[in-house]
Amino acid sequence: MFKKLFAAVGVGGATVDTVLDNASVYPGSTLNGYVLIRGGSVDQAIEYVDLVLMTEAEQKVGDSEVRVAQTIAKFRVANGFVATAGVERRLPFSLTLPLETPVNNAYALATPGYGYAPNVKAAVWIHTDLAIASAIDAKDRDFLDVQPLAQMQRLIAAMGNLGFAHVSSDVEIGTARIGQVASSIGCYQEFEFRPKQHGFSRIQEVEITCISRADGVYVLIEADRRFSRDSYSSMHMDPQWPNVDWEGRLRMMLS
């Protein structure tokens, strides 16, 4: 009797641990692993096991910004079963990450030859939710190292060749729109560039937003100009993107 009462408040209850085959991934890649359920001191009914892909994003609240946990996607690993006392159970999974998953490997996002990695605020993790009937749920959190797509790295290199370094990146709550394409995960990532050389520059800052789709990467470019209004332009990096002069394309947009 007492064991059941303790298990209901999380003492001696079932525990959960998610084991990833590889925590280094790309947007759109497959994440494999298994969820390990360890039975507690008593049998417990499990309602479901979910894996929730989450990121940390900035949300505007009045005149300030706060950082919040944002759900990107949710995956059901198992429905109802009984976690038998003292027994381990493995639940294998294989899931595809959304193409819009924020990227966060600062070294892979660095401007080539610049010497400094950008300040990346884009934590991404898998939150495991073990829903236990009539008891406190068991949870687990596993962070992911999300590498940028090759198109993103090409843009960063092109901006570097034009004299702009990638200095920071964060995730914003909301929807980004590039022509007829809109972000779909409730948030979007911005990449901020500034002139490498100190001193006067007509462009103080450039912000780039990428929306990845099966047919390529859609790019929104916002240039913050001195003594002038901000300018906006967009482009599409289709499957032929390796053959395009992106320095020339960006130079035209920023001129």
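Out of V217, V181, V206, V244, which single residue is hydrophobic (A, V, I, L, M, F, W, C), touching a Phe, Trp or Tyr at 6+ places or on another chain (Cβ under 8 Å) and over 25 Å from I72 (Cβ atoms)? Outline the logic, then answer.
Working: V217 fails: over 25 Å from I72 (Cβ atoms); V181 fails: over 25 Å from I72 (Cβ atoms); V244 fails: touching a Phe, Trp or Tyr at 6+ places or on another chain (Cβ under 8 Å).
Answer to the check: V206.
Pairs needed: first member in segment 106-129, in a strand (DSSP E or B); second member anywhere, aromatic (F, W, Y) and open to solvent by 40 Å² or more (accessible area, probe 1.4 Å); C-beta distance under 6 Å; at least 6 residues apart or different chains.
W125/F143
Please determine, by comparing only the residues of segment 26-51 that are among the β-branched types (V, I, T) and touching a Ser or Thr at 6+ places or on another chain (Cβ under 6 Å), which one is most open to solvent (accessible area, probe 1.4 Å).
From segment 26-51, those among the β-branched types (V, I, T) are 30, 35, 37, 42, 46, 49; that's our starting set.
Going one step further and asking which of them are touching a Ser or Thr at 6+ places or on another chain (Cβ under 6 Å), we end up with 30, 35.
Values: T30: 74, V35: 0 Å².
Selected residue: T30.
So which of F200, F191 ends up being of a type in the set (F, W, Y), at pLDDT below 95 and within 25 Å of G113 (Cα to Cα)? If you could, list the steps in order and put the result at the bottom.
Details: F191 fails: at pLDDT below 95.
Going through F200, F191 in turn, just one is of a type in the set (F, W, Y), at pLDDT below 95 and within 25 Å of G113 (Cα to Cα): F200.
Looking for whichever is open to solvent by less than 60 Å² (accessible area, probe 1.4 Å) and over 30 Å from K121 (Cβ atoms) here; the options are A57, A23, A83. Which one fits?
Checking each option against the conditions leaves just A83.
List pairs: first in segment 228-255 and within 16 Å of A157 (Cβ to Cβ) and in contact (Cβ under 8 Å) with a residue 24 or more places away in the chain, second assigned to a helix (DSSP H, G or I) and of a type in the set (S, T, Y), Cβ under 7 Å, 6+ apart or cross-chain?
The qualifying pairs do not exist here.
Just checking, does segment 152-161 include any residue being basic (K, R), modelled with pLDDT under 95, open to solvent by 30 Å² or more (accessible area, probe 1.4 Å) and out of contact with any Gly (no Cβ under 8 Å at 6 or more places or on another chain)? It would help to see each step written out before you state the result.
Within segment 152-161, the first condition is being basic (K, R), and the residues that meet it are 154.
Subset that is modelled with pLDDT under 95: none.
No, the conditions are met nowhere in segment 152-161.
Which ones in segment 205-255 are touching a Pro at 6+ places or on another chain (Cβ under 8 Å) and either open to solvent by less than 50 Å² (accessible area, probe 1.4 Å) or part of a strand (DSSP E or B) (or both)?
Here is the first cut: in segment 205-255, the residues touching a Pro at 6+ places or on another chain (Cβ under 8 Å) are 212, 215-216.
S212, G216, listed by residue number.
Which is open to solvent by less than 80 Å² (accessible area, probe 1.4 Å) and at pLDDT 95 or above, of I126, I132? Outline the logic, then answer.
Working: I132 fails: at pLDDT 95 or above.
Within the list I126, I132, the selection yields I126.
So, in segment 26-45, of the ones that are hydroxyl-bearing (S, T, Y) and either assigned to a loop (DSSP other than H, G, I, E, B) or at pLDDT below 95 (or both), which residue ends up nearest to A214 (Cα to Cα)? Give the derivation first.
Residues of segment 26-45 hydroxyl-bearing (S, T, Y): 26, 29-30, 34, 41.
Okay, now just the ones that are also either assigned to a loop (DSSP other than H, G, I, E, B) or at pLDDT below 95 (or both), so 26, 29, 41.
On the way: Y26: 14, S29: 12, S41: 48 Å.
Out of the qualifying residues, it is S29.
Any chance segment 152-170 includes a residue that's touching a residue at least 24 places away in the same chain (Cβ under 8 Å), within 24 Å of Q70 (Cβ to Cβ) and assigned to a loop (DSSP other than H, G, I, E, B)?
Taking every residue of segment 152-170 in turn, none turns out to be touching a residue at least 24 places away in the same chain (Cβ under 8 Å), within 24 Å of Q70 (Cβ to Cβ) and assigned to a loop (DSSP other than H, G, I, E, B).
Would you mind telling me which numbered condition in (1) open to solvent by 50 Å² or more (accessible area, probe 1.4 Å); (2) farther than 23 Å from E65 by Cβ; (3) modelled with pLDDT of 95 or more A110 fails?
(1)
The values are calculated or read from the model by the stated rules, or taken from the named source; none is laboratory data. No experiment lies behind these values; they were computed from the predicted model shown. Neighbour counts are summed over all protein chains in view; Cβ atoms, including those assigned to glycine, are modelled from backbone coordinates with ideal geometry. With ligands, DNA and RNA removed, areas are computed over all heavy atoms of the protein, side chains included. Shrake-Rupley method; radii C 1.70, N 1.55, O 1.52, S 1.80 Å.
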